[in-house]
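What follows is one structure encoded as structure tokens, with my remarks underneath.
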């Protein structure tokens, strides 16, 4: 069902953990749907993401997309991080099963939420960043099956 | 684990070697059509007659009430649709429970779209059907009650005899999906007032693609497949002779060793439940502690998600299943776990382990070790666990 890369990132997730006094923290998802992602950023004065950690409650794809998303933004500027889309995360993982695409959207949202938190804490505006939904229970659209 | 440990016997089982051996001649040298007049045919006819007798005896009935089908889902579909049609002039109301298998629930949805009215009875927190609600739901136009004998996910055994008595008292037909209970608990269709009962072969170490529907004599039921005279003209088509012979052998063996086998399963089941409770905090047993199938263990582990557990168990060569959304192909977790009142996030963290006759104590102990490690690892990555620990300091 999953690609080798997804399995690798699930078995050996990169950047799991927390960052004390993080520059920005974003939590997205919804326990009701079975996925919650939290991303921590440590951002330096040059707006470069020095370190990133994540914690995820969810399926194999949710863990793998979190792990890959953190890899893709690590060492990047906040504007480069903003460009990391769910598509980029999926491509980097050699694809996801259709039913798991929402996991990659969650990863993109988690990055945005952490950036928003950083911007708020520092009283700055990040061009192009939309305010993430702060109620995580509204974080995901119900799909019809 | 150093070898594959299979703990998903509620999903399917391996056919016993004796079952396969019994089946093999019926693919090759004993290939005659049971309806043929020559001896090559009468030989296979005798074989299926014998198998039918074995199945009939296993539920306390006689051969003419046993109808071979392709398995549990077909038996459920047939029982519901054909009864609904045959009794439509009496009424169009059917009562079932909220925790039925989809073979029942989706057939009920189909019937609802055809003008039937379905009442879904609630279950309590252990998954036992609410009998008061069931009684209150009965109307003059109620034609059928269908309640599963035991639940496939949480293993809760229903008060079948009481339901049968209620149905009989009101002159309503009673069907039970016994796919999980058959050969796990003794069944007597007369004593329990069961009018129809569904069975599947591959859950009892028989072959896949074969099962039967018991239909009490006198129950009007429409033919399911039209054509030849097989199955008293109710399900036409040349019989699946190897399958029937294999199922017959599986039933014979499962009935013969039921007491011994289920006693061993209960011992292993309880050993596993006790060990999990003792060693893993924030775990909840789903289903009734005692009114429970001998082979069923179902736990919810708070703060972790089921599919992740299954993948990690698979990496440790352990087969199990979960009621999480990710394993159901939808965003909602199992309807059974929601019906017993679990919040979504707890339902997502469920793990079902179902035993078979050849599981050992060493396997069970090894699996509990793995589960303990996996739950701890996933919790260390879980934002829900992080929040919980920060809030409570980790105290229960």
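Just one of the listed residues (B:284, B:291) is more than 14 Å from every other protein chain (Cβ to nearest Cβ), surrounded by fewer than 24 Cβ atoms within 10 Å (Cβ to Cβ), farther than 26 Å from residue B:2 by Cβ and over 18 Å from the mean Cα position of the chain (by Cα), namely B:284. Report whether or not residue B:243 is buried (at least 18 other Cβ atoms within 10 Å of the Cβ), in contact with a strand residue (DSSP E or B) (Cβ under 9 Å, 6 or more places away or on another chain) and over 27 Å from residue B:123 (Cα atoms). So residue B:243 fits the description; yes. Among the helices (runs of 4 or more DSSP H) confined to the stretch B:99-169, the ones with at least 3 residues that are buried (at least 16 other Cβ atoms within 10 Å of the Cβ) are located at B:102-113, B:160-169. For the stretch A:14-27, the criterion of a residue being more than 8 Å from every other protein chain (Cβ to nearest Cβ), under 14 Å from the mean Cα position of the chain (by Cα), closer than 19 Å to residue A:101 by Cα and crowded, with 17+ Cβ neighbours inside 10 Å is satisfied by no position. Does residue B:179 satisfy the condition of being closer than 20 Å to residue B:250 by Cα and either without any contact (Cβ under 8 Å) to a residue 60 or more places away in the chain or part of a strand (DSSP E or B) (or both)? Taking the combined requirement at face value, the residue does not satisfy it. Considering only residues of the stretch A:28-42 that are at the interface with another protein chain (Cβ under 7 Å from one of its Cβ atoms) and surrounded by 24 or more Cβ atoms within 10 Å (Cβ to Cβ), which is modelled with the lowest pLDDT? My answer is A:33. Answer with yes or no whether residue A:62 is in contact with a helix residue (DSSP H, G or I) (Cβ under 7 Å, 6 or more places away or on another chain), at the interface with chain B (Cβ under 10 Å from one of its Cβ atoms) and outside any strand (DSSP E or B). Judged against the criteria, residue A:62 is a match. Being more than 14 Å from residue B:7 (Cβ to Cβ), assigned to a loop (DSSP other than H, G, I, E, B), more than 10 Å from chain A (Cβ to nearest Cβ) and in contact (Cβ under 8 Å) with a residue 12 or more places away in the chain is true of residue B:342. Residues of the stretch B:358-396 that are within 30 Å of residue A:39 (Cβ to Cβ), away from chain A (no Cβ under 14 Å) and part of a helix (DSSP H, G or I): B:370, B:371, B:372, B:391, B:392. Residues of the stretch A:92-103 include none that is modelled with pLDDT of 95 or more, touching a helix residue (DSSP H, G or I) at 6+ places or on another chain (Cβ under 7 Å) and within 11 Å of chain B (Cβ to nearest Cβ).
Can you pull out every residue in the stretch A:43-54 that is in contact with a helix residue (DSSP H, G or I) (Cβ under 6 Å, 6 or more places away or on another chain) and either within 12 Å of another protein chain (Cβ to nearest Cβ) or surrounded by fewer than 19 Cβ atoms within 10 Å (Cβ to Cβ) (or both)? Those that are in contact with a helix residue (DSSP H, G or I) (Cβ under 6 Å, 6 or more places away or on another chain) and either within 12 Å of another protein chain (Cβ to nearest Cβ) or surrounded by fewer than 19 Cβ atoms within 10 Å (Cβ to Cβ) (or both): A:47, A:54. Of all residues in the stretch A:109-122, none satisfies being at pLDDT 90 or above, surrounded by fewer than 14 Cβ atoms within 10 Å (Cβ to Cβ) and out of contact with any strand residue (DSSP E or B) (no Cβ under 9 Å at 6 or more places or on another chain). Within the stretch A:5-27, residues that are over 16 Å from residue A:73 (Cα atoms) have Cβ atoms under 8 Å from residues that are part of a loop (DSSP other than H, G, I, E, B) in these pairs: A:5/A:93; A:5/A:94; A:6/A:93; A:6/A:94; A:6/A:96; A:10/A:2, counting only partners at least 6 apart in sequence or on another chain. Taking the criterion of being out of contact with any strand residue (DSSP E or B) (no Cβ under 8 Å at 6 or more places or on another chain), surrounded by 21 or more Cβ atoms within 10 Å (Cβ to Cβ) and modelled with pLDDT of 95 or more, the only residue of the stretch B:323-363 that qualifies is B:336.
Residue selection: residue A:144 satisfies the criterion of being over 22 Å from residue B:386 (Cβ atoms), at pLDDT below 95 and outside any helix (DSSP H, G or I). Name the single residue, out of those in the stretch B:268-279 being out of contact with any strand residue (DSSP E or B) (no Cβ under 7 Å at 6 or more places or on another chain) and without any contact (Cβ under 8 Å) to a residue 40 or more places away in the chain, that is surrounded by the most Cβ atoms within 10 Å (Cβ to Cβ). The residue in question is B:270. When only residues in the stretch B:193-203 that are touching a helix residue (DSSP H, G or I) at 6+ places or on another chain (Cβ under 6 Å) and surrounded by 24 or more Cβ atoms within 10 Å (Cβ to Cβ) count, which is farthest from residue B:68 (Cα to Cα)? Taking the candidates together, the pick is B:194. So which residues in the stretch B:195-235 are free of Cβ contacts under 8 Å to residues at least 40 places away in the same chain, closer than 17 Å to residue B:63 by Cα and touching a strand residue (DSSP E or B) at 6+ places or on another chain (Cβ under 7 Å), if there are any at all? If the condition is that a residue be free of Cβ contacts under 8 Å to residues at least 40 places away in the same chain, closer than 17 Å to residue B:63 by Cα and touching a strand residue (DSSP E or B) at 6+ places or on another chain (Cβ under 7 Å), then B:195 is the only one that fits.
The values are calculated or read from the model by the stated rules, or taken from the named source; none is laboratory data. Here the structure is a predicted model, which means the values were calculated and not measured. No Cβ is skipped: glycine too gets one built from the backbone with ideal geometry, and neighbour counts run over all protein chains shown.
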